[in-house]
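Engineer: Okay, handing you the structure first.
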Amino acid sequence: MPALSQSVSLDRRGRVAVLTVDNPPVNALSQHVRQGLHDGVKQAIADRDVAAIVIACAGRTFIAGADITEFGKPPKEPGLHEVLALIEASPKPVVAAVHGTALGGGLEVTLACHYRVGDKGARFGLPEVKLGLLPGAGGTQRLPRVVGVEKALQMIVSGDPIRADEALRYGLIDEVAEGELAAAAVTFAERGVSEQRPLRKIRDLDAKLAAARHTPELFANFRKSVARQTRGFRAPESCIKAIEAALSLPFDEGMKRERELFLELLASPESKAQRYFFFAEREAAKIPDVPADTPVRDVKKAAVLGAGTMGGGIAMNFANAGIPVTVVEVAKDALERGLGVVRRNYEATASKGRLTPQEVEKRMGLITGTTDFNAIADADIVIEAVFEEMPIKKEVFARIDKICKAGAVLATNTSTLDVNEIASATGRPESVIGTHFFSPANVMKLLENVRGAKSSKTTIATAMALGRRINKVPVLVGVCYGFVGNRMLHQRGKQAEKLILEGALPHQVDRVLYDFGFPMGPFAMGDLAGLDVGWRIRKGKGEKSAVADTLCEMGRFGQKTGAGYYRYGADRAATPDPEVEKIIVDVSTQMGITRRPIGDDEILARLLYPMVNEGAKILEEKIAIRASDIDVIWVYGYGWPVYRGGPMFWADQVGLKALRDRMLEFKRATGDPFWTPAPLLERLAADGRGFTQS
Ligand code: 3HC
Ligand code: NAI
């Protein structure tokens, strides 16, 4: 095939010129792709023997968007707009042939074509919003003209792709291809030429916009419907504004407005953070000493030990992924209780219309409950989720060591115990690893995989691959108390407690974190998780927490008892409680603390800087492989707002020198060694570097 650039070639099939993009892995619109498309279309237009043009892709997918690595660098000619204008203005019909995913700039390429043919499995979307952007090559102007304003709003603001059948229904594609895609697209193009079908330029369509002009309240309603999930993000509102422009302005003016809004977003801190995070998430899959081709164990059957809060949720993950799972409990009643909760969870999902009753039964059918440990003999992975006590864990691991087949991965869901000590209870520590799920385990995306000193590469690779298969985001960490996430959270918790004793109130502290972008603050989170959990742990260790202990002694365990740091009504809405305020003030007095007003800025710094400092220690101890892994953990495990990148990225934006200096100020003011900056933080601050951009 004659090559036009390093990634685009031009081929002829009868009267049809076929331009094929081949830019692995995802055919992103790098400069040479744009150049190749530009030159190819020009050449085909000039060639008198060519009657129509097909744009297709080699490899696993159609064009998945602009090349994100080019963002923020000086633009290189030709620009995407120029290429799209050339395609749309072509006097010969241009047909896009889509397989895999046509995303972002990729879908925009197809929208500049006159027709679109899609493979049965193809998906179509404008995911720019997930990068803090909006579709910047006409997507906000063309998509509503094709699928209607409401559908365009939904697709562009959610960023979620739709499938070929839905795309056909909405007129986004003209045909679902049967058989070989390129051949089907060529036939489609040939037919168009024979029938002298007029060129359909989306820019000239108005019917679907006109329909929406009669319902101007549509935008206000849409804004209201997405307010909750888009809180704090910048891009969704810009997406909506750009679509409004499609209705109120002529096409070329609308394109200009889209461009302005796009450039604003491109320069925004939110988009910078979200683009950073896109790569951070993918980076987390890479483990320097466990190469991508490390053999993994094929998990055909799984087992979970313990059907409590975590065990049930973990089992659901396997069933959701179609993997049969055996759940083992000590007693029949505990087993029935646990599986009952699982069934109720599925039925709740079904009642919201997100699962059919048949799917509920199918998933329940993949879960087998038993009290017989021998039933796990043929499992490829066993995940232990029994009580958090070392003697029990060791006894369980010694037992399963005798039962499980050779090569099976033996995983523990411990949240605080030493994985190496647990592994030592077996004769095969190389097969042991921590798989730390987050509660609720069937919902939370994060999976902290904890590498023991002796975990083998295959064990690690299997736990990582399995994490992805059950739709989690796995991040590999090392053994230490609390691993990465909870270890950092603990530092935040210590300051939260101090802040309320020094003068702040729980709702002020919580509001500061909520306004920062967290779904909730530490006190609301404590109430949700149950204050009795920490109380029991403290009692075991002989530790105290004056306010929390008093609340627990009063039976205020949080949401489950209708009261904790807050009071809860029937709707589970939290209301600040004067009774709690009095307890806090009394404790301050007893401790000889003079309460003072504390500003939001101090609250934020005192809650978040210690986390960053702990993150620095974690990095230095090599508990996390890289700073961006810590960020992935916080975004997926603790609700850190993704538009702030994660704690380590955020710290870099604050500036490590400023952060270190503020810590030293706190240290001077309190004399508390807690505020001693970690050596890595000191070094980076002194060198003017950052955690994520050193
Ligand atoms: N630019 C540059 N690199 C990209 C990329 C892009 N648009 N999309 C993916 N990649 C890279 C990834 O970083 C990864 O690199 P690595 O192997 O070195 O880690 C590699 O391609 C494979 O990606 P995934 O691991 O994500 O592969 P999957 O098969 O799981 O997923 C995908 C494929 C669904 C295409 C997914 O990569 C994806 O969602 N990509 C981003 C799509 C997107 O956001 N497009 C819009 C871009 S912005 C735009 O188009 C602006 C325009 O409106 C002007
Ligand atoms: P849980 O108390 O709700 O459930 C534990 C279950 O294990 C009980 O049903 C119990 O009957 C069963 N069990 C006890 N000994 C057993 C044995 N020898 N064999 C089989 N089953 C046995 O506890 P939860 O909260 O589910 O915690 C389980 C593990 O997960 C602990 O290690 C915990 O630290 C960890 N974890 C808990 C999180 C949470 O939010 N609850 C979060 C992350 C990890």
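Engineer: I'm told TRP535 meets every condition in (1) hydrophobic (A, V, I, L, M, F, W, C); (2) within 31 Å of the chain's Cα centre (by Cα); (3) within 16 Å of ligand 2 (Cβ to nearest atom) except one. Can you identify the failing condition by its number?
Structural biologist: Among (1) hydrophobic (A, V, I, L, M, F, W, C); (2) within 31 Å of the chain's Cα centre (by Cα); (3) within 16 Å of ligand 2 (Cβ to nearest atom), TRP535 violates only (2).
Engineer: A follow-up question, please. Out of all the residues in the range 267-291, which are open to solvent by less than 50 Å² (accessible area, probe 1.4 Å) and closer than 13 Å to LYS130 by Cα? Even if it seems obvious, please write down each step before you answer.
Structural biologist: Of the range 267-291, the ones open to solvent by less than 50 Å² (accessible area, probe 1.4 Å) are 268, 270-271, 273-277, 280, 284-285, 287, 290.
Within the range 267-291, GLU270, SER271, ALA273, GLN274, ARG275, TYR276, PHE277 meet the criteria.
Engineer: Sort out which residues of the range 571-595 are loosely packed, with under 13 Cβ neighbours inside 10 Å, under 39 Å from the mean Cα position of the chain (by Cα) and in a loop (DSSP other than H, G, I, E, B), and write them in order of number.
Structural biologist: ASP571, ARG572, ALA573
Engineer: Still on this structure: Scan the range 251-266 for residues that are under 26 Å from the mean Cα position of the chain (by Cα) and surrounded by fewer than 21 Cβ atoms within 10 Å (Cβ to Cβ) and jot them down.
Structural biologist: Result: LEU263, GLU264, LEU266.
Engineer: Something else: Looking for whichever is under 24 Å from GLY125 (Cβ atoms), in the same structural domain as THR187 (by TED's automatic domain parsing) and modelled with pLDDT under 95 here; the options are THR69, THR61. Which one fits?
Structural biologist: On the way: THR61 fails: modelled with pLDDT under 95.
Only one candidate qualifies: THR69.
Engineer: Another question about this same structure. Pull up the range 1-48, narrow it to residues that are hydrophobic (A, V, I, L, M, F, W, C) and at pLDDT below 95, then point me to the one that is farthest from the chain's Cα centre (by Cα).
Structural biologist: Looking at the filtered set, the residue picked out is MET1.
Engineer: Then there is this: Please specify each residue of the range 412-422 satisfying the condition of being more than 8 Å from ligand 2 (Cβ to nearest atom) and either open to solvent by 10 Å² or more (accessible area, probe 1.4 Å) or among the basic types (Lys, Arg) (or both).
Structural biologist: Result: ASP418, ASN420, GLU421.
Engineer: Return yes or no: is SER194 more than 23 Å from LEU209 (Cβ to Cβ), without any contact (Cβ under 8 Å) to a residue 40 or more places away in the chain and either acidic (Asp, Glu) or surrounded by fewer than 24 Cβ atoms within 10 Å (Cβ to Cβ) (or both)?
Structural biologist: Yes, satisfied.
Engineer: Here is a further query. Any residue that is of a type in the set (Ser, Thr, Tyr), closer than 30 Å to ASP652 by Cβ and at pLDDT 95 or above - is there at least one of those in the range 247-265?
Structural biologist: no
Engineer: Further question: List pairs: first in the range 530-554 and at positive phi and in contact (Cβ under 8 Å) with a residue 12 or more places away in the chain, second open to solvent by less than 90 Å² (accessible area, probe 1.4 Å) and part of a helix (DSSP H, G or I), Cβ under 9 Å, 6+ apart or cross-chain?
Structural biologist: These pairs meet every condition: GLY530/GLN559; GLY530/THR561.
Engineer: Please verify whether the range 630-642 includes one or more residues that are open to solvent by 50 Å² or more (accessible area, probe 1.4 Å), assigned to a helix (DSSP H, G or I) and touching a strand residue (DSSP E or B) at 6+ places or on another chain (Cβ under 7 Å).
Structural biologist: Within the range 630-642, one or more residues are open to solvent by 50 Å² or more (accessible area, probe 1.4 Å), assigned to a helix (DSSP H, G or I) and touching a strand residue (DSSP E or B) at 6+ places or on another chain (Cβ under 7 Å).
Engineer: Shifting gears a bit: If a residue has to be of a type in the set (D, E, K, R) and in contact (Cβ under 8 Å) with a residue 40 or more places away in the chain to count, how many in the range 657-686 make the cut?
Structural biologist: 1
Engineer: Which ranges mark the helices (runs of 4 or more DSSP H) fully within the range 490-551 that have 3 or more residues being under 24 Å from PRO647 (Cβ atoms) and open to solvent by 10 Å² or more (accessible area, probe 1.4 Å)?
Structural biologist: 506-516, 522-529
Engineer: Sticking with this structure for a sec: Return the only residue of VAL109, VAL146, VAL98, VAL83 being open to solvent by less than 10 Å² (accessible area, probe 1.4 Å), touching a His at 6+ places or on another chain (Cβ under 8 Å) and at pLDDT 95 or above.
Structural biologist: VAL83
Engineer: Here's another thing I want to ask about it. Considering the range 38-57 alone, what residues qualify as being open to solvent by 30 Å² or more (accessible area, probe 1.4 Å), farther than 15 Å from CYS113 by Cα and hydrophobic (A, V, I, L, M, F, W, C)?
Structural biologist: ALA46
Engineer: From the list VAL117, VAL129, VAL95, which residue is out of contact with any Asp or Glu (no Cβ under 8 Å at 6 or more places or on another chain) and in a strand (DSSP E or B)?
Structural biologist: Selected residue: VAL95, the only one of VAL117, VAL129, VAL95 that is out of contact with any Asp or Glu (no Cβ under 8 Å at 6 or more places or on another chain) and in a strand (DSSP E or B).
Engineer: Say we look at the range 339-369 and pick out the residues that are touching a residue at least 24 places away in the same chain (Cβ under 8 Å) and under 28 Å from the mean Cα position of the chain (by Cα); which of these is surrounded by the most Cβ atoms within 10 Å (Cβ to Cβ)?
Structural biologist: Per the stated criteria, the residue is TYR346.
Engineer: A follow-up question, please. Any residue that is over 28 Å from the mean Cα position of the chain (by Cα) and among the charged types (D, E, K, R) - is there at least one of those in the range 52-68?
Structural biologist: No, the conditions are met nowhere in the range 52-68.
The values are calculated or read from the model by the stated rules, or taken from the named source; none is laboratory data. All values reported here derive from a predicted model rather than from experimental measurement. All Cβ positions, even for glycine, are placed from backbone atoms using ideal geometry, and neighbour counts span all protein chains on display. Surface accessibility is based on the protein's heavy atoms, side chains included, excluding ligands, DNA and RNA. Shrake-Rupley method; radii C 1.70, N 1.55, O 1.52, S 1.80 Å.
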